[in-house]
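Visitor: Dropping the structure in here first, questions after.
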Amino acid sequence: HPRRPCAGPPCRRRPSGAMLLRRREVLQGVLATTTAAATTTAPPPVAAPSSPASLTMPLRFDRRGGSYVVQWQMEEEGASKGYSGILDTASPFLTVSGLCGELDPDWGCLDTRFDDAIRRERRAFEPTYEVYGLQDDGVTDWQRGEVVLPGEGGSAVRLSDVVYGASEGVASTRGGTAPAPMFGLVRDVAEGIRPSFLSQTDFSSFTVDFANSLLRLSGGEAPGAAGAATIPLVDLRPLGAPAFEYACRIRSLVVNGYDVTGWMDRPTYCVFDTGTTGMLVSRRLWEKTLFRTGVQQCALELPTADGRGTIVEASTRSCRKDCLLVGTPIDVQWRPPASEIGPEGPPSYDVIFLGLAFLSSRQFMAVDLDKSLLSLGPYRDLDLNPPTAV
């Protein structure tokens, strides 16, 4: 995932391995990652969703991290405090920094510490140890709080008793850029995974408007548009994915001008991921095809609801300005529970996470959560419609 570099005062050094080990002992070994369900006692109930029909939130494009940023507020001790995070359509969670001084202060951080009485009172679930694609979120303290989402024209949505993650020991892994909190938009998670942010709201669709740098959250169907390609989504949880990622199966694949579809000898899926700058490719597929020589161009044929199919493509020639086509191999360690694995063994698959290099060239990306459909708008001219940037 693209992550913003540390700015301003020097960041506090990440806790050492020994320090994290001591913290893990405090947690009595109740550690989990986003690649496996947590084993815990019965969790406390999550508040019933309550939100209006729709909300339009401004997005800020951060050139330093190559990502879209969402801002929100949280009520603490009667005062409102601002936070921000990466717009991430491949993560379920709303997260903040749980340790001031660890990340860029612009992201915001909790003033309380892990062992403070108020943190213990607000703890909704046992802490876990969360690991994402290119980011290790370390110990994540699952807190409850009041979240305010600011919208256009002074509108806002206030959500009470929202479960969110406060992370300590956050670090980039395997070549990722500087870490950051997340504004996750994946709603449905596997059994045992902590509550997603969207599951605590009434929103059932969202639209990322790349042309106008806006996020639209809606309680109804995602709006359609002429020229949009509508893609049926596939639930990858039977493969061991921790959530219903916004994914589909790849029909054909071209890398650097060469058709490598014949090398896809097992089901290969793409995940639409606004938290990634370029693309993440499962290591086996990376080594097996031309990805390992460097990615100058990549095109994927994807199925559509009308049966015609659509092409999603990016290249170093067309990827200009704030677009960065970078390919990175990744170890996808999804695995179903042992009870669901038959005598033939765990399922075989490959995954490509498509980032903003492929998505932001479109006018929009919309997801209808209840119908499991994703729509990609027509291509736009980045020269005429550059994203709002800092």
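The values are calculated or read from the model by the stated rules, or taken from the named source; none is laboratory data. All figures in this text were calculated on a predicted structure; none of them were measured in a lab. All Cβ positions, even for glycine, are placed from backbone atoms using ideal geometry, and neighbour counts span all protein chains on display. Heads up: the accessible areas ignore ligands, DNA and RNA and are worked out on the full protein's heavy atoms, side chains in. Shrake-Rupley method; radii C 1.70, N 1.55, O 1.52, S 1.80 Å.
Visitor: Suppose we filter segment 291-322 for residues that are over 24 Å from residue 377 (Cα atoms) and surrounded by 14 or more Cβ atoms within 10 Å (Cβ to Cβ); how many remain?
Guide: Of the residues in that region, 3 qualify.
Visitor: Could you tell me how many of the residues in segment 69-81 are at pLDDT below 95 and either assigned to a strand (DSSP E or B) or touching a Pro at 6+ places or on another chain (Cβ under 9 Å) (or both)?
Guide: Result for segment 69-81: 6.
Visitor: State which residue is modelled with the highest pLDDT when the search covers only segment 191-203 and only residues that are under 20 Å from residue 237 (Cα atoms) and surrounded by fewer than 19 Cβ atoms within 10 Å (Cβ to Cβ).
Guide: Filtering segment 191-203 for residues that are under 20 Å from residue 237 (Cα atoms) and surrounded by fewer than 19 Cβ atoms within 10 Å (Cβ to Cβ), the one modelled with the highest pLDDT comes out as 199.
Visitor: Among the residues of segment 218-229, write down those that are surrounded by 18 or more Cβ atoms within 10 Å (Cβ to Cβ) and in contact with a Gly (Cβ under 9 Å, 6 or more places away or on another chain).
Guide: Across segment 218-229, the qualifying residues are 228, 229.
Visitor: Further question: Looking at 152, 102, can you tell me which residue is of a type outside the set (Ser, Thr, Tyr), touching a residue at least 12 places away in the same chain (Cβ under 8 Å) and closer than 27 Å to residue 203 by Cα?
Guide: Among 152, 102, only 152 is of a type outside the set (Ser, Thr, Tyr), touching a residue at least 12 places away in the same chain (Cβ under 8 Å) and closer than 27 Å to residue 203 by Cα.
For (1) modelled with pLDDT under 95; (2) open to solvent by 40 Å² or more (accessible area, probe 1.4 Å); (3) part of a strand (DSSP E or B), each residue gets a yes or a no:
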site: 86; (1), (2), (3): yes, no, yes
site: 99; (1), (2), (3): yes, no, no
site: 106; (1), (2), (3): yes, yes, no
site: 113; (1), (2), (3): yes, yes, no
site: 119; (1), (2), (3): yes, no, no
site: 125; (1), (2), (3): yes, no, no
site: 158; (1), (2), (3): yes, yes, yes
site: 162; (1), (2), (3): no, no, yes
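Visitor: Continuing with the same structure: Counting only residues that are open to solvent by 40 Å² or more (accessible area, probe 1.4 Å) and within 15 Å of residue 67 (Cα to Cα), which one in segment 323-333 is modelled with the lowest pLDDT?
Guide: Selected residue: 324.
Visitor: For the subset of segment 346-368 comprising residues that are surrounded by fewer than 24 Cβ atoms within 10 Å (Cβ to Cβ) and out of contact with any Phe, Trp or Tyr (no Cβ under 8 Å at 6 or more places or on another chain), which member is farthest from residue 212 (Cα to Cα)?
Guide: Within segment 346-368, the match that is farthest from residue 212 (Cα to Cα) is 346.
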